[in-house]
Amino acid sequence: MIPDEIKQFFSSQFGKSLLVKGDPGTGKTTFIFEALRELCPKGNCVYVSPRIDKSSSYGNFPWIEGDFSNNEDFLRMLASRVKEIWESSESKPTIIIDSIDSLSIATTRSAKWGENKFELERLLSDFSRKVNTDLIMITEQADVTSLDYLVDGVVSLERSELSGSYIRKIRLLKLRGVELSQSRYPFTLEKGVFRSFEPFTVSYPKNISIPEAISDPIPSKISTGSPDFDAILGGGYQKGSFNLFEITSGVGDSFYSLLLPTFINHLKMGRFLLSMPTEGTSVETEKRMISPFIGEQNFLSYFTGFEIRDQQGRMPSYIEPFSGNIYKDMEIFHKVKHDMMRQYGSPLLDYIGLDSMEYNYGWENVGSIIGQMASITKTTENVVLAVAKHGQKITESVSHMATTHWKFENVDKSLVMYGIVPKTEMFVVQMDFSAGYPQVKLVPVK
């Protein structure tokens with residue numbers, strides 16, 4: 001999947017020229033072949049690469065050409081191939097040069113290939129305009145050259161380090177005639193296919209369905225409700241575990257999407273969920289997000305949320321009010337938890353917004369409380385999911401107690417997560433509602 005802006009760029013009835021640049025290993029050729037699949041479904045492309053053997057896997061593409069020794073012979077071959085496409089198809093031909101540097105060397109066969117490159121670039125640009133074809137050229141020269149000004153569009157592929165892991169990005173530097181909704185997109189080369197990621201969005205379906213519960217993959221763990229996340233965790237959350245999710249700036253409440261399938265699956269299994277939501281999220285909000293996918297009665301039977309509330313008002317049955325005194329409130333929490341364990345057994349699931357606890361009670365009072373909770377949890381079959389916002393004082397003190405520690409980042413409007421404990425690669429988080437309920441897809445950034 002290539003960015004929509006590039007598809008729009010080539011949707012013009014007139015030929016456009018695009019320069020694809022980047023250092024070796026950034027994925028330029030893989031990007032080109034994904035562009036071929038999306039832009040040339042009818043095979044109306046001419047792929048030129050002096051450096052790729054036709055016996056390789058790339059040789060499966062029928063538009064590969066080669067064997068040329070000078071600019072004139074090359075352009076004659078190219079014109080003949082483009083003419084064939086125009087005569088057999090109504091689709092506009094696309095010429096792909098991979099790369100302009102290697103082509104210049106092939107058509108010169110001398111040390112003066114640099115001078116020939118400038119002339120070849122001009123000839124190709126003129127040719128594509130005259131015969132109304134799209135032209136895509138690859139170069140490994142990351143710096144700005146005269147070709148940047150000659151073409152209609154420029155994109156750059158980059159690979160950089162983020163928090164000890166690697167992230168790939170495609171930058172849309174110039175696309176004439178196209179309004180850019182954003183200039184950078186993260187992408188992956190997983191399974192040898194280029195795939196860029198659109199901004200993270202959550203859009204609830206009109207037709208909602210209730211999913212089947214996912215059983216615990218192994219006796220010592222509970223399912224996260226996401227097969228992808230279960231696989232990463234080796235079967236799900238460990239029973240008796242304290243799991244920390246650290247949220248960085250710009251993520252907002254989108255992280256909740258990863259936890260939503262866990263909550264739904266846990267409640268569908270007839271297990272109890274206790275929630276002290278994060279700042280900016282209320283228990284009523286959680287009810288609106290969870291109950292449609294498990295049924296109202298299941299939610300009321302197996303869910304209790306805790307909030308600081310005026311206890312004089314009318315209280316929904318699924319809310320247990322807190323007073324604002326940490327010691328009294330923790331007594332209420334543990335009493336409810338004890339009663340639920342006695343009634344429903346283990347494993348129970350605790351969801352704790354550490355930011356709201358720190359805000360309401362002060363970080364100096366919360367640290368020891370959370371420490372005790374983590375220690376006690378590890379002697380039971382219960383599971384704690386704790387959410388901390390980046391920059392909280394409590395995050396550092398809690399992180400060393402965590403069985404697992406995950407971090408969420410906003411990377412060019414895409415939601416990215418990776419494991420600190422255990423150390424993992426990066427994954428782009430995507431929500432899929434095609435079945436009528438939320439499914440989390442975790443796509444590795446390769």
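Tell me, please, whether a residue that is open to solvent by 30 Å² or more (accessible area, probe 1.4 Å), modelled with pLDDT of 90 or more and assigned to a loop (DSSP other than H, G, I, E, B) can be found in region 167-178.
There is at least one residue in region 167-178 that is open to solvent by 30 Å² or more (accessible area, probe 1.4 Å), modelled with pLDDT of 90 or more and assigned to a loop (DSSP other than H, G, I, E, B).
Out of the residues in region 13-33 that are outside any helix (DSSP H, G or I) and of a type in the set (S, T, N, Q), which is surrounded by the fewest Cβ atoms within 10 Å (Cβ to Cβ)?
Applying the filter and picking the extreme gives Gln13.
Please state which of the following conditions Pro199 fails to meet, knowing it meets all the rest: (1) open to solvent by less than 60 Å² (accessible area, probe 1.4 Å); (2) assigned to a loop (DSSP other than H, G, I, E, B); (3) more than 18 Å from Val443 (Cα to Cα).
Only one criterion is unmet by Pro199, namely (3).
Phe200 versus (1) touching a Phe, Trp or Tyr at 6+ places or on another chain (Cβ under 9 Å); (2) modelled with pLDDT under 95; (3) of a type outside the set (Lys, Arg): which is the lone unmet condition?
In the conditions (1) touching a Phe, Trp or Tyr at 6+ places or on another chain (Cβ under 9 Å); (2) modelled with pLDDT under 95; (3) of a type outside the set (Lys, Arg), Phe200 misses (1) alone.
Checking the conditions here, which among Arg81, Arg51 is open to solvent by 40 Å² or more (accessible area, probe 1.4 Å), at pLDDT 80 or above and among the basic types (Lys, Arg)?
Answer to the check: Arg81.
For region 373-403, give me the residue count where each residue is assigned to a strand (DSSP E or B) and open to solvent by 30 Å² or more (accessible area, probe 1.4 Å).
Of the residues in region 373-403, 1 are assigned to a strand (DSSP E or B) and open to solvent by 30 Å² or more (accessible area, probe 1.4 Å).
Among the residues that make up region 116-135, is at least one of them hydrophobic (A, V, I, L, M, F, W, C), at pLDDT 80 or above and within 30 Å of Pro186 (Cβ to Cβ)?
yes
Quick check: is even one residue across region 326-345 touching a residue at least 60 places away in the same chain (Cβ under 8 Å), open to solvent by 40 Å² or more (accessible area, probe 1.4 Å) and in a loop (DSSP other than H, G, I, E, B)?
no
Six or more apart or on different chains, Cβ under 9 Å: which pairs go from a residue in region 269-290 that's at positive phi to one that's part of a helix (DSSP H, G or I)? Could you list them?
Gly270/Asn298; Gly270/Ser301; Gly270/Tyr302; Gly270/Tyr344; Gly280/Asp355; Gly280/Ser356
Please indicate, with yes or no, whether at least one residue in region 145-155 is under 29 Å from Tyr418 (Cα atoms) and either surrounded by 13 or more Cβ atoms within 10 Å (Cβ to Cβ) or not aliphatic (A, V, I, L, M) (or both).
Yes, some residue in region 145-155 is under 29 Å from Tyr418 (Cα atoms) and either surrounded by 13 or more Cβ atoms within 10 Å (Cβ to Cβ) or not aliphatic (A, V, I, L, M) (or both).
So in region 212-258, with the set limited to residues that are at pLDDT 95 or above and assigned to a helix (DSSP H, G or I), which one is surrounded by the fewest Cβ atoms within 10 Å (Cβ to Cβ)?
So the residue we want is Ala231.
Name every residue in region 418-433 that is closer than 30 Å to Asn207 by Cα, touching a residue at least 12 places away in the same chain (Cβ under 8 Å) and open to solvent by 20 Å² or more (accessible area, probe 1.4 Å), in order of residue number.
The answer is Gln430, Met431, Phe433.
Could you say whether any residue in region 188-195 is surrounded by 20 or more Cβ atoms within 10 Å (Cβ to Cβ), within 20 Å of Arg37 (Cβ to Cβ) and acidic (Asp, Glu)?
Checked against the condition, which is being surrounded by 20 or more Cβ atoms within 10 Å (Cβ to Cβ), within 20 Å of Arg37 (Cβ to Cβ) and acidic (Asp, Glu), region 188-195 yields no hits at all.
The values are calculated or read from the model by the stated rules, or taken from the named source; none is laboratory data. These figures come from a predicted structure and were not determined experimentally. All Cβ positions, even for glycine, are placed from backbone atoms using ideal geometry, and neighbour counts span all protein chains on display. Side chains included, ligands, DNA and RNA excluded: accessible areas come from the protein's heavy atoms. Shrake-Rupley method; radii C 1.70, N 1.55, O 1.52, S 1.80 Å.
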